[in-house]
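Each value in this text was obtained by applying a stated rule to the coordinates, not by laboratory testing. Bear in mind that the values here come from a model prediction, so they are computed numbers and not experimental data. Here Cβ is always computed from backbone atoms with ideal geometry, including for glycine, and neighbour counts include all displayed protein chains.
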Amino acid sequence: MAKEWQNQYQPKHPFMKWMDERLPLPRLIYNSIGSGYEVPKNLNFLWNFGVAAGLFLMLQVITGIVLVMHYAGDIKLAFDSVEHIMRDVNYGWLFRYLHSNGASFFFIVIYIHFLRGLYYGSYKPPREMVWILGVMIFLVMMATAFMGYVLPWGQMSRWGAVVITGLFSAIPLIGETVQTWLVGGPSIDGYTLTRFFSLHYLLPFAIIGLVILHIWALHLPGSGNPTGVEVKSKEDTIPFHPYYTAKDGFGIGLILIAFSVLVFFDPDRLGHPDNYIPANAMATPAHIVPEWYFWPFYAILRAFTLDFLGIPAKLWGVMAMFASILIWFFLPWLDRSPTRSARYRPTYRFLFWLLIVDLLILALCGSAPAEEPWVRISQIASAWYFLHFMILVPLVSLFENPLPAPDSISKASV
């Protein structure tokens, strides 16, 4: 909903007037990303990562469409078709490296985007739906990335699929049925690869739909800002274009430089060596590990080693892994503090940085073998993770004495 001080689209050319009456696409663009969209004037470079996420989503879709033209979704041909793309298809190596490393950068910018939301309270009213849709996007991203990791049909691809799909068998009553439906049969085989191939191709379009809803939900209350103070007058805002289009362009340029360095100089850095070996059902890798962006959740999954209350350890691990993400849905109601930004919440800010350290420890444990001391460390880090969201955040929001926030964005100190 446009504020009274926002510029309104006024077409002057006869053709643009005719277009605006019949298909108001120029008006939509003007009010969404143009001069008609007023945003807080104090946004910092952390707000660049939302636009960067959209850029990498489109990169994944475009490179994926090119790769699918040459990929064979058959267990006898999949690995060789990837090699064919790398060696025989014109610039196939480039599209493959853009796609594989683009997935990693997509998760990097999404994680920074999420952490920025946690720090500045972007999940608080009236932006709860923006946050919830963001969590939904992340869940679909994880499913898409996992299925994409299986497609090269290397050793780690196949055995990663065995481990992850095997988790669903721990669910009481319906576990075996869900696993069979997901796999497509009694074990990982050609029908599994076919299903994952089709879903991996279709789910990005579901992500695009969720992103559209995410942006729509954001434009209703407007963007947040580092102070957490709502916009109160025109003096608090500036037009999105040209100010933030230029700022986003600069930030994205830096991100693309880092991305290009990885793609052209060390494209296999984030991959696993075992995935360059054809899948072999008779040879289990010494250490099965997912892609790096799943490591914290993989550590939480493996942290449960004992049966408890009659529930198997495997089921506890599965529930904890899913709960570690699902708990984000409830964050707007767990954190009841009226102050949004961690700038004015010293206790919450301290806990936020402890959470960052905890996530890094979980990632390290997730990349390590399932042995001591990594299992014990992951158990402690997992306990702190849930303690943070379920106990500390609600308590701090009730008893913390925040610093006084400014009356308006314009009056905030630089």
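Some values worked out for this structure:
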quantity: Taking the chain and dividing mean pair separation by its residue count, relative contact order in percent (alpha carbons under 8 Å, at least six apart); calculated: 22 percent
quantity: Cα gyration tensor, the chain - rounded (a/c under 1.5), prolate or oblate; calculated: oblate
quantity: Of LYS124/LYS314; LYS41/LYS124; LYS12/LYS247, those spanning more than 25 Å from alpha-carbon to alpha-carbon; calculated: LYS124/LYS314; LYS12/LYS247
quantity: Max mean-square fluctuation residue, GNM over the chain, Cα-Cα springs under 10 Å, options PHE196, PHE250, PHE294; calculated: PHE250
quantity: The range 295-375: C-alpha gyration tensor shape, a/c 1.5 cut-off, then a/b vs b/c; calculated: oblate
quantity: Loop trypsin sites (Lys or Arg not before Pro), the range 215-312 (other Cβ atoms within 10 Å of the site Cβ: 11 or fewer; DSSP); calculated: ARG269
quantity: Fluctuation leader among LEU118, LEU387, LEU25 - the chain, Gaussian network, Cα springs under 10 angstrom; calculated: LEU25
quantity: Of the DSSP H helices in the chain, those whose Cα atoms cover at least 20 Å axially and whose Kyte score averages 1.0 or more; calculated: 48-68, 128-150, 190-219, 245-265, 346-367
quantity: Relative contact order (percent, whole number), the range 289-399, Cα cutoff 8 Å, 6+ residue spacing; calculated: 41 percent
quantity: GNM result for the chain, Cα springs below 10 Å: residue of HIS84, HIS214, HIS99 fluctuating most strongly; calculated: HIS84
quantity: Shape call, the range 60-114: gyration tensor on alpha carbons, a/c limit 1.5; calculated: prolate
